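Notes follow once the structure below has been shown.
The values are calculated or read from the model by the stated rules, or taken from the named source; none is laboratory data. All figures in this text were calculated on a predicted structure; none of them were measured in a lab. Note that we place each Cβ from the backbone using ideal geometry, even for glycine, and neighbour counts take in every protein chain shown.
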Amino acid sequence: MAGLDFGKLTKQSVVDSATEPRRIFAALPAKASKYARPWDVQSQVWDSWHERRTDSDLLIKMNTGGGKTVVGLMMLKSCLNDGAGPAVYITPDIYLADQVRAEAAALGLETTDDPRSGRFQAGKAILVTYIHKVINGISVFGVAGDTRQRIEIGSLLVDDAHACVSTLEHQFTLTIPRGHAAYNEISDLFDDTLRDQSQSTIRDLAEDVPGVALRVPYWSWADRQQQVLNALHPHRESTNGFKFVWPLIRDVLHLCDVAISYNEIEIKPPCPPIDRIPSLATAKRRIYLTATLADDSVLVTHFDAAPAPISTPITPQTADDLGDRMILTPMETHPGTTDEEVRTFLVEQALHRNVVVIVPSRRRAVFWRDFADAEHDSSSIHDGVRALREGHVGLVVLINKYDGIDLPGDACRILVLDGLPEAYSALERIEALALSESEAMITRQIQRIEQGMGRGVRSNDDHCVVLLVGSKLTQRLHKAGGSSKFSPATRAQLALSDQVADMLYGMPFSAIGSVIGQCLDRDPGWVAASRDALDGVTYPTTSTVSEVAVAEREAFRLAELGRYRDAHAKMRQAIIAANDDRRHEGWLKQRAAGYLHLSDPAAAQQMQKSAQTDNKAVLRPRDGVEYHRLNSLADQARQAAAFLTERYENGNDLIVGVATILDDLVPDPNQASVQMFEQAMYDLGLHLGFAAQRPERDTGEGPDVLWSLGKLAFLVIECKSGSTTDAIWRHDAEQLSHSMDWFAEKYDHTCSATPIMIHNTQVLHRQASARAGAKVITFAKLAKLRDAASKFAAALAADKAYGEVGKVSSQLTDWGLNGKVFAQTWGVAARKL
């Protein structure tokens with residue numbers, strides 16, 4: 001007898017008709033056994049989402065390991081059942097898209113990777129793809145202005161939305177390499193206006209000095225749009241770089257930020273014009289799935305999400321489902337510990353467990369290279385992750401990879417973040433320098449750090465130890481309330497780890513190994529304390545979306561419409577919202593001036609002057625900047641004590657702060673570090689009780705750094721921190737001489753200055769001549785100066801001695817840092833070959 005056809009008992013299955021994700025999940029007939037029932041956090045999110053499912057923009061925030069993929073797939077299946085298809089699940093990259101499709105298959109859900117699939121377009125299958133495929137100048141979904149038939153989207157979900165941001169920015173950035181015909185056309189077109197910004201940087205560009213970059217003034221870019229179009233338009237379909245980007249930015253080209261570096265030109269709009277992919281803009285439902293990061297402003301600035309619903313995210317009822325992390329900062333637990341000691345310790349740990357080190361740059365990767373078992377960048381990262389997940393590798397270095405990878409279980413038991421995340425592209429570096437130490441930049445860096453810290457714990461029963469290494473990273477966590485910018489669960493784990501740090505303080509560094517072992521070997525006391533620390537932690541009821549971000553996005557939208565005065569007015573709201581953060585205000589004023597220039601160039605220049613007053617790192621206005629002389633200070637020790645007392649709360653903060661400066665005061669042939677070196681020399685002067693300026697940066701003329709030593713004595717300093725030659729070339733010697741001429745012009749005969757050059761060697765090329773009295777701080781001498789400054793800080797750290805003028809004076813003398821002898825102590829006479 002044939003079996004009964006039970007399919008006739010129901011007209012339509014719950015799986016294909018219900019809109020409640022929980023009901024759909026429960027009714028899935030072919031799901032794997034591990035999906036027997038949903039987790040509480042999943043059910044809580046589904047129920048809250050279902051009540052608001054018709055909102056056009058929604059933010060879902062869940063801890064890593066909370067089953068976000070299943071949550072997202074069920075919500076999209078609900079959308080299909082609700083008639084809001086077709087449905088698209090977007091991941092940061094192709095590898096994660098493969099993982100999502102595999103999970104969907106285990107659930108018994110139909111997916112496809114083909115946007116042209118009839119099953120997808122009919123609302124029968126979920127398209128799982130990655131952001132690069134959706135957003136590009138020849139997108140299969142259609143681009144505004146082209147004649148191809150568009151593929152409509154009813155509901156879309158962006159998974160790990162914060163990790164998608166870097167790809168999104170890349171897709172809207174036109175990069176023209178040095179060898180491209182348009183490179184020379186564009187750079188020649190703006191040569192004159194770039195010279196007005198910095199003569200020395202123009203010379204470096206001409207000499208192919210790596211790492212150098214200049215921003216093209218917005219007024220020149222806007223005024224020469226016809227010539228720009230003449231240079232770029234013929235190449236619109238010539239290379240992938242053009243054809244994937246040009247259609248996305250051509251209509252906002254006049255609004256773009258532009259930087260010219262030694263190896264490429266970057267052209268990028270202030271905000272991604274996401275509506276260039278109309279299917280994204282017109283989708284009925286847009287769901288953003290993110291980890292529990294503290295700031296979600298990028299969803300507004302980059303995805304053009306509506307601020308109100310993003311500000312009220314959907315979350316589980318509690319945030320205590322995060323995996324176990326012991327977070328230690330060696331410079332806090334053991335202030336005298338060197339990077340080399342930490343490295344040696346981690347090499348030993350890696351003999352029997354996987355240790356993953358995330359570094360911000362290739363330059364920092366060199367520090368680990370001879371000790372690492374593997375090193376990976378974006379081109380090999382997924383092979384590296386696969387190897388870690390398959391077994392023991394050892395010590396693995398990942399370059400600038402803070403998101404988009406999963407390292408569960410034994411794949412990573414010790415995770416190390418070595419140094420602050422750094423900017424890579426020319427425009428990013430320019431912005432990072434301009435916003436250095438601003439609240440806006442601190443928030444970004446903390447968010448990037450938290451993303452990195454999340455790589456090693458991928459479920460609530462996972463565990464790892466996180467080490468935060470480096471003076472800059474340590475200072476960022478403890479200065480300006482940095483730790484308060486983390487999410488609640490991470491803050492709770494940091495607070496517990498601070499208690500561990502207090503217990504470790506004063507013990508030998510070797511003790512950190514046994515403490516780490518207690519965590520990784522699941523010591524019952526630690527496991528209980530870790531669980532207790534998270535108990536009762538909840539998600540904030542509102543998400544942080546800054547008023548600045550909202551105003552910036554709206555201003556860009558108005559500028560797109562040609563309403564430049566309205567865009568300028570909206571940017572004024574952003575400036576007010578910056579809350580007296582002057583560096584950020586200056587940056588925002590420059591953006592406002594850029595919009596205003598398109599309707600009132602004269603008024604825009606007045607605003608640019610105001611921007612430059614607030615932030616010396618922004619563009620100098622068309623008619624230059626008036627130079628203001630440095631005051632001559634009377635008492636170096638008194639000035640140093642006052643500065644250090646105001647800057648630091650305790651001795652350890654002083655040690656970390658000075659170490660941060662000295663980390664940048666290191667020779668490096670990569671010219672991307674030059675600005676950091678010059679800033680470090682400026683900061684060192686302030687710490688030693690001198691007045692300091694950076695005239696070349698601030699006005700386009702004069703030396704890299706100027707110190708006022710007191711009693712009308714000055715040091716005119718040219719920094720050649722990237723020099724590798726065995727002689728001082730003529731143009732470098734002439735540059736120092738020109739800076740001395742500048743000093744003579746700006747200061748009267750009562751003032752005296754000693755010319756100082758920081759260089760690899762004291763030897764002059766045969767065609768070079770040194771200014772009378774010139775001193776060279778060679779790299780060998782510089783190393784000794786760094787050591788002296790470090791010991792100066794360490795000596796003053798005990799009992800807040802840095803606030804006592806007498807003790808400061810003694811230490812300045814003991815370490816050769818007194819202004820009267822500084823040039824003689826650390827400088828040597830330049831000499832001929």
Exercise. Being out of contact with any Lys or Arg (no Cβ under 8 Å at 6 or more places or on another chain) and either polar (S, T, N, Q) or in contact (Cβ under 8 Å) with a residue 60 or more places away in the chain (or both) is the filter here, so list the residues in region 793-807 that pass it.
Key: Ala793, Ala794, Ala797, Ala798, Asp799, Lys800, Tyr802, Gly803, Glu804, Gly806
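Has region 34-46 got any residue that is surrounded by fewer than 21 Cβ atoms within 10 Å (Cβ to Cβ), more than 23 Å from Val300 (Cβ to Cβ), touching a His at 6+ places or on another chain (Cβ under 7 Å) and of a type in the set (Asp, Glu)?
no
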Quiz item: Would a scan of region 386-393 turn up a residue that is touching a helix residue (DSSP H, G or I) at 6+ places or on another chain (Cβ under 8 Å), of a type in the set (Val, Ile, Thr) and at pLDDT below 95?
Solution: no
Exercise. Just name the residue that is modelled with the lowest pLDDT out of those in region 710-735 that are crowded, with 19+ Cβ neighbours inside 10 Å and more than 19 Å from Asn760 (Cβ to Cβ).
Key: Gly710
Quiz item: Which one of the conditions (1) touching a residue at least 60 places away in the same chain (Cβ under 8 Å); (2) surrounded by fewer than 17 Cβ atoms within 10 Å (Cβ to Cβ); (3) basic (Lys, Arg) does Arg565 fail to meet, given that it meets all the rest?
Solution: (1)
Practice problem: Evaluate the following for Leu351: is it assigned to a strand (DSSP E or B) and among the hydrophobic types (A, V, I, L, M, F, W, C)? | Solution: no
Quiz item: Within region 142-183, how many residues turn out to be at pLDDT below 95, part of a loop (DSSP other than H, G, I, E, B) and crowded, with 21+ Cβ neighbours inside 10 Å?
Solution: 1
Quiz item: Only one of (1) surrounded by fewer than 21 Cβ atoms within 10 Å (Cβ to Cβ); (2) within 18 Å of Arg286 (Cβ to Cβ); (3) among the aromatic types (Phe, Trp, Tyr) fails for Tyr130. Which number is that?
Solution: (1)
Quiz item: Somewhere in region 509-517, is a residue surrounded by 12 or more Cβ atoms within 10 Å (Cβ to Cβ), assigned to a loop (DSSP other than H, G, I, E, B) and within 33 Å of the chain's Cα centre (by Cα)?
Solution: yes
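Does Ala555 meet the test of being surrounded by 21 or more Cβ atoms within 10 Å (Cβ to Cβ) and farther than 22 Å from Ala440 by Cα?
It is false that Ala555 is surrounded by 21 or more Cβ atoms within 10 Å (Cβ to Cβ) and farther than 22 Å from Ala440 by Cα.
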Practice problem: Assess whether Thr337 counts as being hydroxyl-bearing (Ser, Thr, Tyr) and either over 30 Å from Ala549 (Cβ atoms) or surrounded by 23 or more Cβ atoms within 10 Å (Cβ to Cβ) (or both). | Solution: yes
Quiz item: Of the conditions (1) surrounded by fewer than 18 Cβ atoms within 10 Å (Cβ to Cβ); (2) farther than 21 Å from Asp741 by Cβ; (3) within 30 Å of the chain's Cα centre (by Cα), Asp698 fails just one. Which one is it?
Solution: (2)
Practice problem: Would you kindly identify the strands (runs of 3 or more DSSP E) lying entirely within region 195-300 that contain at least 2 residues that are crowded, with 19+ Cβ neighbours inside 10 Å and at pLDDT 95 or above? | Solution: 257-261, 264-268, 285-290
Quiz item: Just to be sure, is Arg444 of a type in the set (Lys, Arg) and surrounded by fewer than 22 Cβ atoms within 10 Å (Cβ to Cβ)?
Solution: yes
Quiz item: Can you pull out the helices (runs of 4 or more DSSP H) entirely within region 1-109 that have at least 3 residues that are in contact (Cβ under 8 Å) with a residue 12 or more places away in the chain and within 29 Å of Ile405 (Cβ to Cβ)?
Solution: 40-52, 68-81, 94-107
Self-check item: Scan of region 370-400 for residues that are under 22 Å from Pro421 (Cα atoms) and among the hydrophobic types (A, V, I, L, M, F, W, C), ordered by number
Solution: Phe371, Ala372, Ala374, Ile381, Val385, Leu395, Val396, Val397, Leu398, Ile399
Quiz item: Yes or no: Ala640 part of a loop (DSSP other than H, G, I, E, B), farther than 20 Å from Gly702 by Cα and either of a type in the set (Ser, Thr, Tyr) or in contact (Cβ under 8 Å) with a residue 24 or more places away in the chain (or both)?
Solution: no
Practice problem: Would you point out which residue out of Ala549, Ala533 is within 33 Å of the chain's Cα centre (by Cα), modelled with pLDDT of 95 or more and surrounded by 13 or more Cβ atoms within 10 Å (Cβ to Cβ)? | Solution: Ala549
Quiz item: Within the set of pairs 6 or more residues apart or between chains, which connect a residue that is in contact (Cβ under 8 Å) with a residue 12 or more places away in the chain inside region 530-541 to a residue that is part of a helix (DSSP H, G or I) with Cβ atoms less than 6 Å apart?
Solution: Ala533/Ala492; Ala533/Leu496; Leu534/Ala492; Val537/Pro488; Val537/Ala489; Val537/Ala492
Quiz item: In this structure, does Gln811 turn out to be surrounded by 19 or more Cβ atoms within 10 Å (Cβ to Cβ), closer than 20 Å to Leu665 by Cβ, free of Cβ contacts under 8 Å to residues at least 24 places away in the same chain and not basic (Lys, Arg)?
Solution: yes
Exercise. Taking only region 92-120 into account, find how many residues are surrounded by fewer than 22 Cβ atoms within 10 Å (Cβ to Cβ), more than 36 Å from the chain's Cα centre (by Cα) and closer than 30 Å to Gly241 by Cα.
Key: 2
Quiz item: Take the residues of region 384-428 that are more than 19 Å from the chain's Cα centre (by Cα), assigned to a loop (DSSP other than H, G, I, E, B) and small (Gly, Ala, Ser): which is surrounded by the fewest Cβ atoms within 10 Å (Cβ to Cβ)?
Solution: Gly391
